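Step one of this worksheet: look at the structure below.
The values are calculated or read from the model by the stated rules, or taken from the named source; none is laboratory data. Note that the structure is a prediction, hence the values are computed from the model and not measured. Backbone-built Cβ (ideal geometry, glycine too); neighbour counts: all protein chains shown. Calculation scope for accessible area: heavy atoms of the full protein, side chains included, ligands and nucleic acids excluded. Shrake-Rupley method; radii C 1.70, N 1.55, O 1.52, S 1.80 Å.
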Amino acid sequence: MRKAMAEAEVGDDVFGEDPTVNALQDKVAKILGKEAALFVPTGTMSNQLSIKAHTQPGDEVIIEATSHAYNFEGGAGAALSGIQFHCLKGVRGILQTSQIEEAIRPDDHHFPVTRLISLENTHNRGGGSIYPIENMTRICQLAKSKGLYIHLDGARLWNASVARGIKPSEYAQWADSVSVCLSKGLGAPIGSLVAGTKPFIDRVHRFRKMFGGGMRQAGIIAAAGIYALDHHLERLKEDHQNAKRFASGLKEFKGISINPEDVETNIVLFDIAETGRTSAQVAEAMKKERVLIHTIGKFQIRLVTHLDVTPQDIETALEVFKKIFH
Ligand SMILES: Cc1ncc(COP(=O)(O)O)c(C=O)c1O
């Protein structure tokens with residue numbers, strides 16, 4: 001990847017003249033079955049540009065209550081687009097059509113205008129859960145019938161695709177905008193893309209400028225993305241196997257609450273309330289043993305597998321758990 005970055009042909013992308021960025025954008029648009037795609041630095045920016053381009057201030061965006069765009073993007077929806085989120089509680093992040101149908105506002109001047117539905121696949125705080133394609137299709141058909149837009153936060157759409165054997169373009173077919181990330185499991189150091197129709201991406205391009213996301217010789221980082229898509233997609237299966245193995249190992253510890261069946265991709269969430277320790281104490285103890293973990297609540301822990309985590313690392317981490325919980 002570093003070699004591909006060093007050898008990348010570059011130009012000024014603010015003028016659309018970087019051949020490597022253009023190649024990446026064409027490649028991702030094709031993979032997602034969309035007319036066009038635009039390269040941006042982060043998944044946060046690609047989500048927020050999509051929200052901005054779909055909505056007017058005062059509009060309402062229906063979203064799952066634990067979703068990334070609502071919880072972990074610094075309040076950007078309100079600050080940058082002036083929208084309000086209408087949050088619905090899903091099961092491991094997954095919403096049902098009936099919930100969304102009920103949440104769509106009637107055409108009455110008292111209410112905000114429901115404009116957009118934002119879905120996250122895989123779902124981060126849902127523990128890497130995968131939207132069943134039938135479910136997504138029904139939600140998208142409902143949106144079309146009501147004249148609403150659909151945004152797909154596909155930061156980890158690759159994981160859903162590899163785990164289910166469903167093409168990214170199939171997941172994306174109903175979405176008016178799709179965000180995908182090249183960092184995270186794919187292993188590029190930076191980069192996300194928004195994909196959609198050509199006029200939509202033209203609009204996003206204008207807002208990318210406004211949000212300060214225009215980059216110059218960005219081919220250096222786009223080359224990393226092309227390399228990641230060419231070499232690191234299929235291997236996501238290994239991350240999923242590692243996550244599964246880790247979850248089965250954790251299940252053996254008394255007091256750790258986890259259902260390995262819930263681990264569908266590369267994220268492992270579990271609860272340690274019954275162990276008598278807090279997640280902060282466990283994180284501290286594990287850090288001393290050189291295993292870094294992410295606490296997401298007093299008793300909740302989130303672990304992620306990726307291309308730098310080997311099956312041996314999983315066994316090592318389980319050994320450390322054993323040491324701490326005995
Ligand atoms: C589902 C989801 N969407 C968007 C993002 C934002 O990506 P970034 O960290 O590149 O801004 C993340 C980050 O973890 C995520 O999990």
Problem set entry | Gaussian network model of the chain, Cα within-10 Å springs - most flexible of 79, 224, 143 | 79
Problem set entry | Kirkwood-based Rg to Rh ratio, segment 176-326, C-alpha trace | 1.09
Problem set entry | Label-point separation in nm, residue 3 to residue 287, each point 7 Å along Cα→Cβ | 3.8 nm
Exercise. So which residue, out of 212, 191, 43, gets the largest mean-square fluctuation from a GNM of the chain using Cα contacts under 10 Å as springs?
Worked result: 212
Exercise. How large is the accessible surface per residue of segment 82-201, computed with a 1.4 Å probe and reported in Å² as a whole number?
Worked result: 39 Å²
Exercise. In the structure shown, do any of 244/322; 3/287; 89/244 have a Cα-Cα gap over 23 Å, and if so which?
Worked result: 3/287; 89/244
For this session: Would you please classify the overall shape of segment 152-226 from the alpha carbon gyration tensor, given that a ≥ b ≥ c denote the square roots of the eigenvalues, rounded means a/c under 1.5, and beyond that prolate means a/b larger than b/c while oblate covers the rest?
Result: oblate
Exercise. Got a sec to turn the phi values of segment 149-156 into Karplus ³J(HN,Hα) couplings, 6.51 cos²θ - 1.76 cosθ + 1.60 with θ = phi - 60°, whole Hz, x for Gly and Pro?
Worked result: 8, 10, 10, 10, 7, x, 3, 10
Seminar exercise, completed: Only helices counted: for the chain, with every DSSP H run of 4 or more residues adding -39500 (n - 2.57) and the sum spread over all residues, [θ] at 222 nm is -12500 deg cm²/dmol
For this session: Pick out which of 71, 242, 121 has the largest mean-square fluctuation in a Gaussian network model of the chain, springs linking Cα atoms closer than 10 Å.
Result: 71
Exercise. Taking a spot 7 Å from the Cα of residue 12 along the direction of its beta carbon, which residues of segment 195-228 have an amide N less than 18 Å from it?
Worked result: 206, 209-210, 212-220
Exercise. Hey, how many Å between the Cα centroid of segment 98-127 and the Cα centroid of segment 146-199?
Worked result: 19 Å
Problem set entry | Helix axis angle, 133-145 relative to the chain longest principal axis, alpha carbon, degrees | 30 degrees
For this session: Quick one: dipole size for the chain, taken about the Cα centre, charges +1 on Lys/Arg Cβ and -1 on Asp/Glu Cβ, in debye to the nearest 20.
Result: 420 debye
Problem set entry | residue 271-residue 107 FRET efficiency (beta carbon distance; Förster radius 51 Å; 0.05 resolution) | 0.75
Problem set entry | Candidate aspartates and glutamates - alpha carbon under 15 Å from residue 251, same-chain residues fewer than 8 apart omitted | 261, 262, 271, 274, 315, 319
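Give, in nm to one decimal, the length gained when the segment between residue 133 and residue 326 is fully stretched (0.36 nm per residue of separation minus the Cα-Cα distance).
65.2 nm
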Seminar exercise, completed: For the chain, whose charge dipole is built from +1 on Lys and Arg Cβ atoms and -1 on Asp and Glu Cβ atoms, the candidate among 130, 162, 293 with its Cα farthest towards the positive end is 293
Exercise. What is the helix-to-structure angle for 311-324, meaning the angle in degrees between its Cα long axis and the longest Cα principal axis of the chain, kept from 0 to 90 and rounded to the nearest 10?
Worked result: 50 degrees
Exercise. If the convex hull of the alpha-carbon atoms of the chain is projected onto planes in all directions, what is the mean projected area in square nanometres?
Worked result: 17.0 nm²
Exercise. For helix 19-32, what angle does its Cα long axis make with the longest principal axis of the chain, in degrees from 0 to 90 and rounded to 10?
Worked result: 80 degrees
Seminar exercise, completed: Farthest towards the positive end of the dipole of the chain, among 15, 61, 172 and with Cβ unit charges of +1 on Lys and Arg and -1 on Asp and Glu, lies the Cα of 61
